[in-house]
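A quick write-up on the structure given underneath.
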Amino acid sequence: MNKIIRLLRSGQVTIPADFREKLGIDANTLLQITLMDRELVIKPVKFVKTVGGSAWAKELYDILAPIRKEGKEKNYDENRINTAISQAVKSVRAKHAKSSI
């Protein structure tokens, strides 16, 4: 499927309704836009909601337990430890989101 479209004044693009319908894109869908070899690639992003604990969360907790213990031994306060862990988790999530799309 191909269509020629025009940019709106602010650079916005309207995705034609038949394209949105075919891809299951609605008002709540997030889109990933990538510049690849002078072309824009737009993909819907799908998130899977998990209920309760998950295996990866337990694994992450187990991996971070020694780091948390070491931080306490060095007298780091909880905020400093939590901030460092949160930054690491965000980084991993960002990489995981990019690789699973």
Checklist outcome for this item: Considering only helices (runs of 4 or more DSSP H) wholly within the chain, the ones with at least 2 residues that are loosely packed, with under 10 Cβ neighbours inside 10 Å are 55-73, 78-99
Next on the checklist: Could you check the range 26-44 and list, in sequence order, the residues that are more than 18 Å from ALA97 (Cβ to Cβ) and under 23 Å from the mean Cα position of the chain (by Cα)?
Outcome noted: ASP26, ALA27, ASP37, GLU39, LEU40
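Since every read-out is calculated from the coordinates, none of them should be taken as a lab result. Just so it is clear, the model here is predicted, and its values are computed rather than measured. Note: ideal-geometry Cβ built from the backbone for every residue, glycine included; neighbour counts use all protein chains shown.
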